[in-house]
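Let me begin by presenting the structure, written as structure tokens, before commenting on it.
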Amino acid sequence: MRDELLLGIDLGTSSIKANAIDRHGRSMGIGVAPTPFATRAHGVEMTTDDLFAAIGSAIADLGVLASRVSAVGVASMGETGTIIRPDGPSDLPLVAWHDERGTEIVDELVAGFGADEVRRRTGRQARSVTSVAKLGWLLRNGHETGGTWTGVAGLTVWKLTGALAQEQSLAASSGAFDPVAGEYDREILSFLGLDSLVWAPARVAGTPFGRVTAQGAAWSGLPVGIPVTIAGHDHPVGVIGSGGDRTEVIDSMGTGEPLVVAWDAAASRGAHPSWPDQLGDLTVTAWPGTDRHMLLWETLRPGLAMRNLQRALRVDRDDIEFSAIRVEAEGLDLPTLVAMQDGHVSPDLLRRPAQEAWAATLEGYAAASADAEVRMRALSGVTGTTLLIGGGLRSRRWVEAKLRRALHPVAMAQEREAVSRGAALLAGVAAGWWEAEGYPPADVIPLSGSDAAIGSVSGHA
């Protein structure tokens, strides 16, 4: 029917968005709710009930549009998840990916396997952000971990359909998944004492994972029987929603700042032994909806650092962005930036004028991402445009810092809700509206050498 819509749900670190799009890929309405993370005794977490309430609120914001939805796609942050038992979700807290719990688990994993071997097996560094690090910590601290593990996107699909599933790019963020073989690494799971868990099967995005049940419809207000898919990890899904493709480097500016590029070297199993030296701090994951792979650089969290700096400076975000536009400053070094992400703002930085401190922070992050982009292009062979996406596009000062370092043409995605749009597009695959990668296009604006385009960028990340 002509009035049918697709729903993309984006379970982000800061907010949850429900985006209803039409057959042309145009948004007809967006519902928003804050992600209910809270700082508690052990760290940053939320409950399953609070998450469900927030998702329900975002969908309810759509009003009557929800009744016109013919398929649902869910994208999410990568590592956060829980265990589902026969009687429903466990009472485990949903630990934030940026929570610092689990460092000792990572230390044990590296001591047992070696850093290079972990990276060879999983296509990524052993880091505390991974699901296995958080699960290991929960197990060591008195929580029962029996049942089936899935991420928050899989949890949402279960709430809607009763099906237990996971998607490949999200499975890759677990820290115990081989992104080429498409299988969990049982030896890593056994070593960490997590082999008694059932790990929800990792399927290709755009596959119908289940259909909305009567119970799911009563909770969500969506029609009974429509297909639901997991679209994938929010960063790769944002590439799809913004119109990015295999010829480009996609720079997603937000709470974290991943760079994404297609990587064909992961096509064969024989490539694995060479991964450690090649990858460094890069990550291999699935390109949602396909059998291809991509590289991610996801080392830094500029949005967190900016938030912490703003609070320490006690300034309005819009005001500091405006005052820093024409301020020249040398970029901060990586240790200072990383410390700021964790809430430790340098006293020396706070003694500077506020606009200079802000400009130095943005210059530091621009320099770090530029260095990572050079390495990613050399490894992948990609030579096309750098496409900027995400909420950070509202920061004119940050964009300008990137343009000064650009070695290739730069463009800006017009689609500001790239993740939720990408999730909706993959819902269209599940509904049979189009084939994977046959999505409606998204517009971009060239920025290189265009003062007029830059002049339209304002606000904040």
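Just so it is clear, none of the values below were taken in a lab; they were calculated from the coordinates. Bear in mind that the values here come from a model prediction, so they are computed numbers and not experimental data. Quick reminder, even Gly has a Cβ in these numbers, built from the backbone with ideal geometry, and neighbours come from all protein chains shown.
At a glance:
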| read-out | value |
| --- | --- |
| Whole-angstrom gap from region 297-375 to region 68-125, using each part's C-alpha centre | 28 Å |
| All lysines inside 25 Å of Lys159 as judged from Cα atoms, apart from same-chain residues fewer than 8 positions distant | Lys17, Lys134 |
| Extension reserve of the Ala218-Ala406 stretch, reckoned as 0.36 nm per residue once the Cα distance is removed | 62.7 nm |
| Separation of alpha-carbon centers, region 396-453 and region 191-258, rounded to whole Å | 19 Å |
| 12 Å beta-carbon shell around Ala286, net charge (K/R +1, D/E -1) | -1 |
| Rounded to the nearest 20 debye, dipole of the chain from Cβ charges on Lys, Arg, Asp, Glu | 560 debye |
| Convex hull per residue volume in Å³, alpha carbons only, for region 5-234 | 109 Å³ |
| Highest to lowest packing among 74-80, 182-188, scored as the average C-beta count within 10 Å | 74-80, 182-188 |
| Footprinting exposure proxy for His235, His24, His408 (fewest neighbouring C-beta atoms within 10 Å first) | His24, His408, His235 |
| Exposure proxy order (Cβ contacts within 10 Å, fewest to most) of Glu400, Glu257, Glu4 | Glu4, Glu400, Glu257 |
| Size of region 193-249 as Cα extents on the principal axes (Å, biggest first) | 43, 39, 17 |
| 222 nm mean residue ellipticity, helices alone, for the chain (DSSP H n ≥ 4; -39,500 (n - 2.57); rounded to 500) | -10500 deg cm²/dmol |
| Packing-based exposure ordering (other Cβ within 10 Å, fewest first) of Arg140, Arg351 | Arg351, Arg140 |
| Computed over region 63-113, the ratio Rg/Rh where both radii use C-alpha atoms and Rh is Kirkwood | 1.19 |
| Along each principal axis, Cα extent of the chain, largest first, Å | 58, 57, 45 |
